[in-house]
Amino acid sequence: MIRIVIADDHKMFRDGIIAILEQEADLQMVGEAGGAPEIFDLLDANPTDILLLDISLGKFNGIDLTKSLRQRYPDLKIIIVSMHSESNYVVKALEVGAAGYLLKDAGKTEMLNAIRAVMSGGSYFGRQVSQILMEHISGKNTKPAKEEKVVLTRREIEVLKLIAAEYTNQEVAAQLFISVRTFDTHRRNLLEKLKLKNTAGLVRYAIQHGYTDYPPNLQ
């Protein structure tokens, strides 16, 4: 059972999301919040797996909240829900540790896919958001003066491509005919080799370095 809290300052939006989630047998609504103080109260009182967090929560900024929440609840997975498609919002969400970024015009299926992908240890940014990130990165004309060359093995590249394509842990393992434990080892090695902290960092690296073909070309 995936335990979920939704935080949005519009009651009608919360009600709509709750109505969708309550139809799913594997999802459990823990509570809803209209402001930042309520979020902390809910999370302190209830074990929670995923927080669906509005990026504009009244006077509170969802990006700053994500940073604080990740520090206080390191196991909590946060999916930012936003009307903003500008790249700077998406990049900042990645930087503070958001596991996903959904636009508010996303459909029911995409939202459920995001929740389950993030819960399985992956990340979810969707095709549209991923495209926004790629356009943002490709629009940059400069690179760091001294970027350390990192050589990835063929298997590590395969794992990285599948992670960037939003495959779940189990799907990556099945696609590569390996066990989930072996996938976890490859993922951990990638994090150490690339000096990254989490799956969102791997997604960002994959986008920056062109490992984002759909579907992933593993040849």
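Derivation of every value follows stated rules applied to the coordinates shown; laboratory data play no part. Treat the numbers as computed from the prediction; the structure is a model and nothing was measured. We place every Cβ from the backbone using ideal geometry, glycine too, and count neighbours over all the protein chains shown.
As a rough footprinting exposure proxy, the listed residues E24, E135, E32 were ranked by other beta carbons within 10 Å of their own, and the order from fewest upward is E135, E24, E32.
A simple rule links phi to the HN-Hα coupling: the Karplus curve 6.51 cos²θ - 1.76 cosθ + 1.60 with θ = phi - 60°, which for segment 103-120 gives 7, 5, 8, 5, x, 4, 4, 5, 5, 5, 4, 4, 4, 6, 5, 5, 5, 7 Hz, with x for Gly and Pro.
Global size of the chain: 17.3, 52 Å for Rg and Dmax (C-alpha atoms, Rg to one decimal, Dmax whole). Per residue, the average separation of C-alpha pairs within less than 8 Å and at least 6 apart gives segment 2-137 a relative contact order of 20 percent. For the residues K193, K67, K77, a GNM of the chain with alpha-carbon springs under 10 Å puts the largest fluctuation on K193. Taking amide hydrogens as placed 1.01 Å from N in the peptide plane, the amide H of S56 sits under 5 Å from those of G62, each at least 5 positions away in sequence or on another chain. Pick from V151, V30, V91: which residue has the top mean-square fluctuation in a GNM of the chain where Cα pairs under 10 Å get a spring? Answer for the Gaussian network model of the chain: V151. Here the gap between V180 and A106, fully extended at 0.36 nm per residue and compared with their Cα-Cα distance, gives a gain of 23.7 nm. For the chain, the longest principal axis of the Cα atoms and the long axis of helix 36-45 meet at an angle of about 80 degrees.
Calculate how steeply helix 11-21 sits against the longest principal axis of the alpha-carbon atoms of the chain, using the helix alpha-carbon long axis, and give the answer as 0 to 90 degrees to the nearest 10. It is inclined by approximately 60 degrees. Expressed as an acute angle from 0 to 90° and rounded to the nearest 10, what is the orientation of the C-alpha long axis of helix 180-194 relative to the principal long axis of the chain? Result, in degrees: 80. Counting charges near A117 (Lys, Arg +1; Asp, Glu -1) among other residues having Cβ under 11 Å from its Cβ returns a value of -1. The dipole here belongs to segment 154-208: it is taken about the Cα centre, uses +1 on the Cβ of Lys and Arg and -1 on the Cβ of Asp and Glu, and is about 240 debye.
Could you size up the charge dipole of the chain around its Cα centre, putting +1 on the beta carbon of Lys and Arg and -1 on that of Asp and Glu, and report it in debye to the nearest 20?
Numbers: 27 positive and 28 negative charges, 206 e Å.
Its charge dipole is roughly 980 debye.
Ranking N88, A25, L103 by how far each Cα lies toward the positive end of the dipole of segment 2-137 (charges on Cβ) leaves N88 at the top.
Distant-in-sequence amide contacts of I2, defined by a placed amide H-H separation under 5 Å and a gap of 5 or more residues or a different chain, comprise L27, Q28. Springs join every pair of Cα atoms under 10 Å in this Gaussian network model of the chain, and among K197, K149, K11 the largest mean-square fluctuation is at K149.
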